[in-house]
1. Mind listing the long-range amide H neighbours of Gly101? Cut-off is under 5 Å, sequence gap 5 or more, other chains count too, H placed in the peptide plane at 1.01 Å from N.
2. Kindly report, to the nearest 10 Å², the accessible surface of Ser209 as traced by a 1.4 Å probe over protein heavy atoms only.
3. Along the charge dipole of the chain, Cβ charges K/R +1 and D/E -1, which of Val42, Leu11, Gly30 sits furthest on the positive end?
4. Which whole-Hz couplings ³J(HN,Hα) result when phi for each residue of segment 159-165 is put into the Karplus expression 6.51 cos²θ - 1.76 cosθ + 1.60, θ = phi - 60°, listed in order with x for Gly and Pro?
5. Between segment 67-93 and segment 134-195, how far is it from one alpha carbon centroid to the other, in angstrom?
6. List the trypsin sites (Lys or Arg not before Pro) within segment 141-233 that fall in a DSSP loop (any state other than H, G, I, E or B) and whose Cβ has at most 13 other Cβ atoms within 10 Å.
7. Would you work out the charge dipole size for the chain about its Cα centre, treating the Cβ of every Lys and Arg as +1 and the Cβ of every Asp and Glu as -1, and quote it to the nearest 20 debye?
8. For the chain, what is the accessible area per residue in Å², given a 1.4 Å probe and the full set of protein chains?
Amino acid sequence: MRRDTGAAALLGPLLAGSAQPHQVRRAAQGLGLPERGRYAVVVLGAAATVPDADADADGVRWCWCGEAGVVLLGPGGLAGPVALLGEAGAGPGGVSPVVGGLAELGLARRLAGAALLACGPETREIVALDERLPTALVASVPELSARLVAEVFGPLLVLAPAERALLVGTLEAWLECGGSVGRAAVRLRCHRNTVFNRLRRLERLTSRSLSHPRELVETVLALDALRLPAARG
């Protein structure tokens, strides 16, 4: 993985989204990269470590500029680079969707930053934006995410931590089980009526029905916001 200062100087304007056409051409020539191609950007968190492994294989090319890595994708797409970073323990990190050339790296850098915000607290996971779009959307506007948590889960926040964790954990299990009370009960090792009663209590506290599509969306987005480090803070 290339991390020399010359590469950083060439990539900086591109990642900032301020590059002029002549800067794009100069970067392509200086780095030996095509102006048009399938690129993605990785942004690593403050606690992350850029892996030392040589990743210029299988048609994949890497260049690094500080915490941001630019990858020219090979035939395997994003899966290989994401797996490489995960295996190297490089996270936390966010990965942008694929863009069509060096001139689009500024957009990719912003989207990778949004994906980084969707990483779970105190994890070293590598998150592709398209896998966490709702969470990234919530995390990208901290003021709105805080408001969403307060509006939806405000009554839960005054409960004892253990009681709150029980209700939130039941909601998470129910969602992960596709809305099946029976499967959630098996996962939680309790009776299905216990799950049903906890969910009904959560509905009363939030004033939102889990069977109403719009209200369910609000609840799920609020749950994503609640998982963010700032909300847990």
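The values are calculated or read from the model by the stated rules, or taken from the named source; none is laboratory data. Keep in mind that this is a model prediction, so the values were computed, not measured. So basically every Cβ, Gly included, is an ideal-geometry build from the backbone, and we count neighbours across all protein chains shown. Note: areas computed on protein heavy atoms with side chains; ligands, DNA, RNA excluded. Shrake-Rupley method; radii C 1.70, N 1.55, O 1.52, S 1.80 Å.
1. For Gly101, whose amide H was placed from the backbone, the distant partners under 5 Å are Gly37, Tyr39.
2. Approximately 40 Å² for this residue.
3. Most positive-ward Cα: Val42.
4. 3J(HN,Hα) across segment 159-165, in whole Hz: 6, 4, x, 5, 5, 4, 4.
5. 31 Å
6. Values: sites: Arg147, Arg164, Arg183, Arg187, Arg189, Arg192, Arg198, Arg200, Arg201, Arg204, Arg208, Arg214, Arg227, Arg232; in loops: Arg189, Arg208.
Within segment 141-233, the qualifying trypsin sites (Lys or Arg not before Pro) (loop, at most 13 other Cβ atoms within 10 Å) are Arg189.
7. Numbers: 25 positive and 22 negative charges, 138 e Å.
Dipole about the Cα centre, nearest 20: 660 debye.
8. Working: 11820 Å² over 233 residues.
Accessible surface, normalised per residue, equals 51 Å².
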